[in-house]
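The values are calculated or read from the model by the stated rules, or taken from the named source; none is laboratory data. Quick caveat: nothing in here was measured; it's all calculated off a predicted structure. Cβ placement follows ideal geometry from the backbone for every residue including glycine, while neighbour counts extend to all protein chains displayed. Side chains included, ligands, DNA and RNA excluded: accessible areas come from the protein's heavy atoms. Shrake-Rupley method; radii C 1.70, N 1.55, O 1.52, S 1.80 Å.
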Amino acid sequence: MTVQSPEMLERIGAARLVPVVVLDDAASAAPLAEALVAGGLPVAEVTFRTAAAVESIKAMSARGDMLVGAGTVLTPDQVDAAVDAGASYVVSPGFSQAVVRRCIERGVLPLPGAVTATEVQAALAEGLEVVKFFPAETSGGAKAIKALAAPFGGLRFVPTGGIGPKNLAEYTAVSAVLAVGGSWMVPRDEIAAGNFDRVSELTREAVALAAA
């Protein structure tokens, strides 16, 4: 029995990319969502790194045509705040049993970080089939994912951290990779400056690159 929604995992896998968003002002959330959808990527992981996260998730999830998740979630209370705001999935940088279990209680997809065999086994013990691999590049990159995937058949990864246009193909070529997280198509400075046309352009380029 899986505790991770097959439908949600399928949607993330179909997107192939998960934009990791840091928003300093919730007023940027709606135009950013529009820019991502226009660029062909109706997905976003809004990180809890700023005070604007909750309101931003509310604004983006209210559209109804986006898969909106919360990132950098460290506590069960943050899970509650994210879910109450409309998040459909919750991403953590590391593995927290308490966070995973609160996600399951609240009926949302948990996507905890795991970069070691011990962390992977902890995730599997909770019934998970997909984990975040973070920080990807400094944790061994695509080679490390291949090595970890070997003894854990069926486990899928969403690598994030240090991935961009130059090394994206290394990750998408790995069969155990469900999708790739990245922030290069949603630059924090461009969002802050209101350059949403540029975000759409970068998103279109990223989508094309992921499909290549």
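Overview of results
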| read-out | value |
| --- | --- |
| Long-range amide H partners of residue 21 with built H, under 5 Å | 45, 46, 47 |
| Projected-area average for the chain over all orientations - Cα convex hull basis, square nanometres | 10.2 nm² |
| Candidate residues 58, 143: accessible-area rank, largest first, probe 1.4 Å | 143, 58 |
| Segment 79-92 - phi-based ³J(HN,Hα) in whole Hz, Karplus 6.51/-1.76/1.60, Gly and Pro as x | 4, 4, 5, 5, 5, 4, 7, x, 5, 9, 8, 10, 10, 10 |
| Segment 65-190: proportion of alpha-carbon pairs further apart than 20 angstrom, % | 43 percent |
| Unit charges on C-beta of K, R, D, E only; dipole of segment 67-212, Debye | 340 debye |
| Amide H within-cut-off set for residue 67, under 5 Å, with H built and near neighbours excluded | 43, 44 |
| Percent carbon-and-sulfur accessible area, segment 1-133, ignoring ligands, DNA and RNA, probe 1.4 Å | 52 percent |
| Residue 8 - accessible surface, heavy atoms, 1.4 Å probe, Å² rounded to 10 | 30 Å² |
| Percentage, to the nearest whole number, of Cα pairs in segment 155-197 over 15 Å apart | 48 percent |
| Convex hull volume of segment 118-212 per residue (C-alpha atoms, cubic angstrom) | 108 Å³ |
| Theoretical ellipticity at 222 nm over the chain - DSSP helices of four or more residues, -39500 (n - 2.57) apiece, nearest 500 | -12500 deg cm²/dmol |
| In order through segment 5-16: 3J(HN,Hα) via Karplus (6.51 cos²θ - 1.76 cosθ + 1.60), integer Hz, x for Gly, Pro | 3, x, 5, 5, 5, 5, 5, 5, x, 5, 6, 6 |
| Global form of segment 9-74, assessed from the alpha-carbon gyration tensor, a/c cut-off 1.5 | oblate |
| At R0 = 22 Å, FRET efficiency that the Cβ-Cβ distance of residue 62 and residue 25 yields, to 0.05 | 0.85 |
| Heavy-atom accessible area order for 152, 95, largest first, 1.4 Å probe | 95, 152 |
| Segment 49-207: relative contact order as a whole-number percent, Cα under 8 Å and 6+ apart | 13 percent |
| Placed amide H near residue 132: partners under 5 Å, 5+ positions off or other chain | 113, 114, 158 |
| In Hz, Karplus ³J(HN,Hα) per residue of segment 193-204 (6.51, -1.76, 1.60; θ = phi - 60°; x = Gly, Pro) | 7, x, 8, 6, 5, 5, 4, 4, 5, 5, 5, 4 |
| Förster radius 30 Å - calculated FRET efficiency between residue 105 and residue 14 (Cβ-Cβ, nearest 0.05) | 0.65 |
| Chain lengthening between residue 143 and residue 34 when straightened (0.36 nm per residue, less Cα-Cα) | 35.7 nm |
| Segment 8-129 - Rg over Rh from alpha carbon coordinates, Kirkwood radius | 0.97 |
